[in-house]
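Remarks on the structure that follows.
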Amino acid sequence: MPTSLPTSLRELADRHGLLVGAAYNPRAMDDDPLYGRVLAREFNCLVAENHMKFKYLQPRRGEFDFAAADRMLDFSDRHGMAVRGHTLVWHNSIPDWLRQANVSRREALDILRDHIFTVLDHFRGRVFAWDVVNEALGDTGDGFYRDTSWWHQTVGPEYIDHAFRWAHEADPEIQLFYNDYDVEWVELKCDRTRRLVESMQERGVPIHGVGFQYHTRAADAPSPEDVARRVGRFNELGLAVHFTELDIKIPSSPSANDLRQQAAAGRTAIEVALAADNCPAVVFWGFTDKYSWIPNFTKGAYDHALVFDREYRPKPVLNAMMEALQKR
Ligand code: G3I
């Protein structure tokens, strides 16, 4: 019996029960007919790049705006895609009204609790996992926590435990993740993340997984051994790992070697996820270079970080990932 050739990343991932996701951009969906077609064809999972963050969902105190998120959920329903929620608490998504309100610690906690209950109630049954807290830890050389965060300064580090407990109370069905960058790459960040989540477990705080954001430069992407070992450090605590924001940047004028390194880095992510005890999701921070935060963020130095080019043509990195899925 001839077997039919796989047509998409999604089809191959489905065979392994692997979620392959992409961050979703509502403006691209509105303006660009190819965007939705390729997204639904190639991916089985979505995350909102911005519009499920605090300042987008609650732009004014007590007033919630779910319109953009609901449109994304309609799209995911139509195309049978899972949805990750991103993110309930992040120092970089404090609405102006909150920053300017000069609230007390007690009031800040009440606002946080209300936000979490309202948001999780709204998305009940439609979002399977949430990045409850994003980027709460310090980087190399800083303190253990990101102590410049408004949440940290107003509440203290206990905001983290509170957020997870309330999220679990609001919807016990949801998988709750702590999400951060460099966990896959920097030993100190991985150590701190492990200390944080282990201490949460010791305190009885509900947590189900850790998100490795996995924004990497192709030239110094982590080795398969290092990523696998770091995933293992969380799996051995009984926690899942998701790769939540994968992109692999290369110089804006790339050489053939840059493209090869990018393909190798993409292959690593898939191979590690497939071989791990519990790493069931690989989510990219976008999917076409046409819409990516990288050129802007790196002031033009880096680009081409995703698996389709600006014309939606597949790149070598996509082929490498599909090969990795076919081999196993
Ligand atoms: O929508 C407005 C537009 O109306 C306005 O004209 C324009 C002018 O600057 O800004 C637009 O909003 C921007 C928004 O992205 C949508 O494009 C914001 O300024 C900009 O700050 C925002 O950046 C996002 C950033 O998070 C901050 O929320 C990036 O798109 C998004 O990729 C990035 O994602 C983060 C993850 O959430 C957490 N991990 C790191 C990752 C990359 O920074």
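Does the range 291-322 hold any residues that are open to solvent by 60 Å² or more (accessible area, probe 1.4 Å), within 13 Å of the ligand (Cβ to nearest atom) and closer than 19 Å to M29 by Cα, and which are they?
Listed by number, the list holds a single entry, W293.
Restrict the check to the range 47-57 and report whether at least one residue is open to solvent by 40 Å² or more (accessible area, probe 1.4 Å), in contact with a Pro (Cβ under 6 Å, 6 or more places away or on another chain) and more than 18 Å from P314 (Cα to Cα).
yes
Do you know which of the residues in the range 119-149 that are part of a loop (DSSP other than H, G, I, E, B) and in contact with a Phe, Trp or Tyr (Cβ under 7 Å, 6 or more places away or on another chain) is farthest from K53 (Cα to Cα)?
G138
Please name all residue pairs, on different chains or six or more residues apart, with Cβ atoms under 8 Å, provided the first residue is in the range 133-149 and is without any contact (Cβ under 8 Å) to a residue 12 or more places away in the chain and the second residue is within 16 Å of the ligand (Cβ to nearest atom) and open to solvent by less than 60 Å² (accessible area, probe 1.4 Å).
D147/G138
Is it true that G204 is open to solvent by 10 Å² or more (accessible area, probe 1.4 Å) and either at pLDDT 95 or above or within 17 Å of V272 (Cβ to Cβ) (or both)?
Here the answer is yes, as G204 does meet what is asked.
Quick one: how many residues across the range 117-147 are closer than 16 Å to V89 by Cα, open to solvent by 10 Å² or more (accessible area, probe 1.4 Å) and within 16 Å of the ligand (Cβ to nearest atom)?
Count: 2.
Any residue that is of a type in the set (S, T, Y) and over 25 Å from S223 (Cβ atoms) - is there at least one of those in the range 289-307?
The answer is yes; a qualifying residue exists.
From the set of residues in the range 242-287 that are within 16 Å of the ligand (Cβ to nearest atom) and of a type in the set (D, E, K, R), which is most open to solvent (accessible area, probe 1.4 Å)?
Going through the qualifying residues, I end up with K249.
Within the range 173-182, is even one residue open to solvent by 50 Å² or more (accessible area, probe 1.4 Å), more than 16 Å from the ligand (Cβ to nearest atom) and within 24 Å of A108 (Cα to Cα)?
The answer is no; no qualifying residue exists.
If I ask for residues that are open to solvent by 10 Å² or more (accessible area, probe 1.4 Å) and either of a type in the set (D, E) or within 21 Å of I174 (Cβ to Cβ) (or both), which ones from the range 72-110 would you list?
Within the range 72-110, D74, F75, D77, G80, M81, A82, W90, D96, E107, D110 qualify.
Would you please name the residue that is surrounded by the fewest Cβ atoms within 10 Å (Cβ to Cβ), looking only at residues in the range 217-241 that are closer than 15 Å to K189 by Cβ and not acidic (D, E)?
R229
The values are calculated or read from the model by the stated rules, or taken from the named source; none is laboratory data. Predicted model, so just to flag it, every value in this text is computed and none were measured. A quick note on method: Cβ atoms are made from the backbone with ideal geometry, for glycine too, and the neighbour counts reach across all protein chains shown. For accessibility, only protein heavy atoms count, side chains too; no ligands or nucleic acids. Shrake-Rupley method; radii C 1.70, N 1.55, O 1.52, S 1.80 Å.
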